[in-house]
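The values are calculated or read from the model by the stated rules, or taken from the named source; none is laboratory data. These figures come from a predicted structure and were not determined experimentally. A quick note on method: Cβ atoms are made from the backbone with ideal geometry, for glycine too, and the neighbour counts reach across all protein chains shown.
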Amino acid sequence: MAVYSPRYNYIFFANPQTASKAIARTLQEALEGQPMPDREITRSGEVIAKKHHATWRQLLEAGLMTREQLDRLFKFTSVRNPYDLLVSRYLKRKGRFVDQPEKYRWAQDNPKIKASMEAAQELPFPEWLAGQLKRHTEKDKTVKGPLEYLDHADYVIRFEALQAGFDEVLQRLGIDRPIPIVSENVTSERAQGSAKRHYTEFYDDASRELVARAYAPIIERFDYRFG
């Protein structure tokens, strides 16, 4: 979903796996945020606006907002280092999505995600990643999905500096009281014993190069590094 507030004149686009659920929940609890849409919007059997992670374009195509309305809002989203994000995705699909099927029924019901979950059970991260990026590698294409959120944002919160980025949003909205971001959907699966494994431990040279190519627009735009 996106989160919209007519009072505070903002809309937040929830870019997947960038702490978007934590930000969305904080906005709903503290800043009168309303989910948009509140349900999946379909037309002729095709999804045109997702209940979760709706984009700028989807809101327009579903007729939920006009371009003029969106132009008047302060639009923001979040971003995360792709090297880190993909490890988090792998661990969730290897762990909690399988261990808690009722909680993550939406993942079980999505054929693409279900296949990715099954592959994560059998494969180490580098091999799983190669399978996930196979289409992009064969066609020498980059991943476009996150750009649907980033390209229309007035401001982007970095996952790596989450609270600082959110504080900047508050300042731009003219809110002078501190609002901490709630904890939500944290990737606990990365912990090994008492120590949390750094994402770099999951990569080999080949998988690192795959991400560098597939996510080049985001890596270059936000000056991300491996390490």
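Couple of notes before you dig in:
- Of the candidates Glu168, Glu184, the single residue that is surrounded by 12 or more Cβ atoms within 10 Å (Cβ to Cβ), under 25 Å from Ala14 (Cβ atoms) and at pLDDT 95 or above is Glu168.
- Selected residue (criterion: surrounded by the fewest Cβ atoms within 10 Å (Cβ to Cβ)) from residues of segment 66-84 that are touching a residue at least 40 places away in the same chain (Cβ under 8 Å), assigned to a helix (DSSP H, G or I) and not aromatic (Phe, Trp, Tyr): Arg72
- Pairing each residue of segment 42-54 that is within 18 Å of Gly145 (Cα to Cα) with any residue that is in a loop (DSSP other than H, G, I, E, B) and of a type in the set (D, E, K, R), provided the two are 6+ apart or on different chains, yields C-beta distances under 7 Å for Val47/Glu40; Lys50/Glu40; Lys51/Arg39; Lys51/Glu40.
- Within segment 48-65, if we keep just the residues that are in a helix (DSSP H, G or I) and not basic (Lys, Arg), the residue that is nearest to the chain's Cα centre (by Cα) turns out to be Trp56.
- Selection within segment 1-42 - surrounded by 23 or more Cβ atoms within 10 Å (Cβ to Cβ), touching a Leu at 6+ places or on another chain (Cβ under 9 Å) and small (Gly, Ala, Ser): Ala2, Ala19, Gly33
- Answer residue from segment 1-47, given it is of a type in the set (Lys, Arg), more than 20 Å from Gly63 (Cβ to Cβ) and not in a loop (DSSP other than H, G, I, E, B) and is modelled with the lowest pLDDT among those: Lys21
- Annotation note: of Lys103, Lys92, the sole residue that is at pLDDT below 95 and over 17 Å from the mean Cα position of the chain (by Cα) is Lys103.
- Flag for Arg208 being of a type in the set (D, E, K, R), surrounded by fewer than 18 Cβ atoms within 10 Å (Cβ to Cβ) and without any contact (Cβ under 8 Å) to a residue 40 or more places away in the chain: no
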